[in-house]
Each structure stands twice: as structure tokens, then as C-alpha cells.
Amino acid sequence: MSHWASKLIGRPYRPRGRGQDSFDCWGLCAYVWRTQFGVDDLPDIALDPAKPRAVRERFAEAIEAGDGCQVAVPFEGCAVLMSRAKLPDHVGIYLSVDGGGVLHALENTGVVFTKFGALHANGLNVLGFYLPRGWQWPTSTSSAI
């Protein structure tokens, strides 16, 4: 994959990792939004893999509070909210490269790119696509690179 995200693949997972050397899933999203798309005003979502219920509740609270707006069709840079159960517990960034996929940080694996069709095979269900509240992607960043 020849893409700006290539330089992030393989970086380690670390709880509360906020970049640039290590990430948790939310830390990776915030880092990418900040460095690639210029979005700075993001809520911090504390993630502790040892407390998956708390993670799910925090994501659900952020959605209810309107911290993001849902979009019907993903495009480069959208957050992809995912779940291994009923409530959201994982997030990544949609990349339109290579037929579409998600850049995300997995515990025990680190930062990976997973083709969109392979998410379910890896136990992840897509719940929706989101943008930060009140922010619109510039047209020039929404196309495939």
C-alpha cells in the first residue's frame, strides 16, 4: 500500500497511546485527524482494554453527546466505529485505498490496515461512519490517494 498511512502501520499498541510512536485505537484516530486533516478539537476517550464495558459505555456516551455526526457512505478519513459485541468498543480510520479498508490499532498487534471485507472475519462489526461534530472534510481530501 503506497499511502500516507503506510508509515503508521506496524507501530505498537499501547493503552492511552496518543502517538506518534504508539497508539490505542482512539489515539490513532485523533493523531490521524490532527496530523493529516488538521482537526484539533477532539474529546479524549480513555480506553482501558481491561475494562471493555467502560470503553463501550464511553463510546456510546460520546455518540449520544453529539461529539460526532454520522455519514451514510465512508470516505477517506471518516472514523469507523466497530464492535465485537453489541455496543461500540473499537474505532479506526477509513482509507479509500486498495478497495477500502480501516487503519486501526489492535491490542497485541499494533497499527494495521484491514480491508473492509475482512473486518467481520476478524470479529469486528461496523456500526457506522463518523466525522467530528461541526467539521466538514475538504473536497480535496475525500478522494482516494
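Here is how the numbers come out for the structure above:
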read-out: Pair list, Cβ < 8 Å and 6+ apart or interchain, from the stretch 66-85 residues that are at positive phi to residues that are modelled with pLDDT under 85 and of a type in the set (Ser, Thr, Tyr); value: 77/141; 77/142
read-out: Pick from the stretch 11-26, criterion crowded, with 23+ Cβ neighbours inside 10 Å and within 18 Å of residue 54 (Cβ to Cβ), ranking: farthest from the chain's Cα centre (by Cα); value: 24
read-out: Considering residues of the stretch 4-38 that are of a type in the set (Lys, Arg) and in a helix (DSSP H, G or I) only, the residue modelled with the lowest pLDDT; value: 34
read-out: Qualifying residue in the stretch 125-139 (condition: assigned to a helix (DSSP H, G or I) and at pLDDT 85 or above); value: no
read-out: Long-range neighbours under 9 Å by Cβ, at least six apart or interchain, first residue over 22 Å from residue 4 (Cβ atoms) and free of Cβ contacts under 8 Å to residues at least 40 places away in the same chain within the stretch 112-128, second surrounded by 14 or more Cβ atoms within 10 Å (Cβ to Cβ) and among the charged types (D, E, K, R); value: 123/84
read-out: Tally of residues being over 8 Å from the mean Cα position of the chain (by Cα) and not charged (D, E, K, R) across the stretch 72-104; value: 16
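The values are calculated or read from the model by the stated rules, or taken from the named source; none is laboratory data. Computed from a prediction, not measured in an experiment: that's the story for all the values here. Methodologically, a virtual Cβ is constructed for each residue, glycine included, from the backbone with ideal geometry; neighbour enumeration extends over all protein chains shown.
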